[in-house]
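All remarks here apply to the structure that follows.
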Amino acid sequence: MKIELQENEKIIRKGAANHFKGIESVGGRLFLTNHRLYFSSHAMNVQTHELSVACIDILSVGKRNTLGIIPNGMFIELKNGQKEKFVLWGRGKWIREIEHQIST
């Protein structure tokens, strides 16, 4: 799975992740670049999709627990009030790197 980079865009972090689309947890890859957070689902999911959010549109990022108890989730809140939820490994590093990108 590849991401098409825009001019002057570089990948900061990438890894396997699940993105919640409604109640379905959709598996795929998550990329953080110096311009955006990008998710692309695996082709074998029921709901395949892509999500691209500009760093300037992210209001906040934080921890969340899957099923209320498993500490492997992360959310982003957009300036328009929308929230996106993910399950991934190394959420502390993801959160720190996203916070750095949205503060610069």
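The values are calculated or read from the model by the stated rules, or taken from the named source; none is laboratory data. Since this is a predicted model, take the numbers as computed values, not measurements. Backbone-built Cβ (ideal geometry, glycine too); neighbour counts: all protein chains shown. For the accessible areas, the whole protein counts, side chains as well, though only heavy atoms, and no ligand, DNA or RNA atoms are used. Shrake-Rupley method; radii C 1.70, N 1.55, O 1.52, S 1.80 Å.
Annotation note: trypsin sites (Lys or Arg not before Pro) in the range 1-73 located in DSSP loop regions with a Cβ neighbour count of at most 12 within 10 Å are 2, 10. Residues whose amide H falls under 5 Å from that of residue 13, counting only those 5 or more places apart or on a different chain, are 32, with hydrogens built in the peptide plane. Annotation: amide H-H contacts under 5 Å for residue 60 (H modelled 1.01 Å from N, sequence separation of 5 or more, or interchain): 77.
Of all accessible surface on the chain at a 1.4 Å probe, what whole percent is carbon and sulfur? Result for the chain: 52 percent of the exposed heavy-atom area is carbon or sulfur.
Hey, what number do you get for the chain at 222 nm if only DSSP H runs of n ≥ 4 count, each worth -39500 (n - 2.57), divided across all residues, to the nearest 500? Working shown, then result.
Numbers: 1 runs with 13 residues, N = 104.
After summing the helix terms and dividing by the residues of the chain, the value is -4000 deg cm²/dmol.
Lys-Lys pairs in the chain that are eight or more residues apart or on separate chains and whose Cα atoms lie under 15 Å of each other come to 8.
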